[in-house]
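Data first, discussion second: the structure below is written as structure tokens.
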Amino acid sequence: FINSADELYGPITTIRRNGSVVKHIPWTAFSFKPSDWDRVNDTRTIISDANNIQQYFSANGHPTLWRAIPALEELQTAWEAKTVNEKYKIYKCAIKGGLDKIGKYYTRFDEKPVYILALVLHPYYKLNYIKMVWGGPEEQAAERAAGNPGARNWHNKALQVVKGVMVDYW
């Protein structure tokens, strides 16, 4: 494959335009300096955050739906920490793009009560997780006082979801 590509288009070190060689780039231009390797490692670290979270959903013997919300929260926390870390300054825009994508899917959980139910029914998390991480009436009052009129009492929201499902399916 590579030989035939080289025959048709020339080696990657040769730039052609209209069939004529425009520029020949020496192979030394493709060598990495130590600073380039640092960037490769930084990128690997950022991507590994997402890969590690993805592994939470790999299970053969038990359901993993309850992991969806905590996993996205963990990834969001890791990437938010990187946006303020000086080491990752040059990647801030890309990380912000990833955070925006996480936010897009995270807000969709509000439309799907099954994710809340998966947490509530989990023997470890239950409603305590929702109240501790997302907040109850105290956090709602504090957010509203801070100027967020759309603040929610997530503990109450979870209770309403559970009650609604009980009415529908019990």
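For segment 43-62, a residue qualifies if it is open to solvent by less than 40 Å² (accessible area, probe 1.4 Å) and either farther than 22 Å from Lys92 by Cα or outside any helix (DSSP H, G or I) (or both), and exactly one does: Ala59.
Total residues in segment 123-160 satisfying the condition of being closer than 16 Å to Ile69 by Cα and part of a helix (DSSP H, G or I): the figure is 13. Taking the listed residues Lys96, Lys89, the one that is part of a helix (DSSP H, G or I) and under 14 Å from the mean Cα position of the chain (by Cα) is Lys96, with no other qualifying. Annotation: Pro11 fulfils all but one of (1) open to solvent by 60 Å² or more (accessible area, probe 1.4 Å); (2) not in a helix (DSSP H, G or I); (3) not small (Gly, Ala, Ser); the unmet one is (1).
Taken together, the residues in segment 64-100 that are open to solvent by 100 Å² or more (accessible area, probe 1.4 Å), free of Cβ contacts under 8 Å to residues at least 12 places away in the same chain and either under 28 Å from Val161 (Cα atoms) or of a type in the set (D, E, K, R) (or both) amount to 3. If you go through segment 140-164 and keep only what is within 13 Å of Ile130 (Cβ to Cβ), of a type in the set (D, E, K, R) and open to solvent by 70 Å² or more (accessible area, probe 1.4 Å), you end up with just Arg152. Inspect all residues belonging to segment 105-126 and state whether any of them is among the polar types (S, T, N, Q), open to solvent by less than 100 Å² (accessible area, probe 1.4 Å) and at pLDDT below 90. Yes.
The values are calculated or read from the model by the stated rules, or taken from the named source; none is laboratory data. These numbers come from a predicted model, not from an experiment. Backbone-built Cβ (ideal geometry, glycine too); neighbour counts: all protein chains shown. These accessible areas exclude ligands, DNA and RNA; they are computed on the full protein's heavy atoms, side chains included. Shrake-Rupley method; radii C 1.70, N 1.55, O 1.52, S 1.80 Å.
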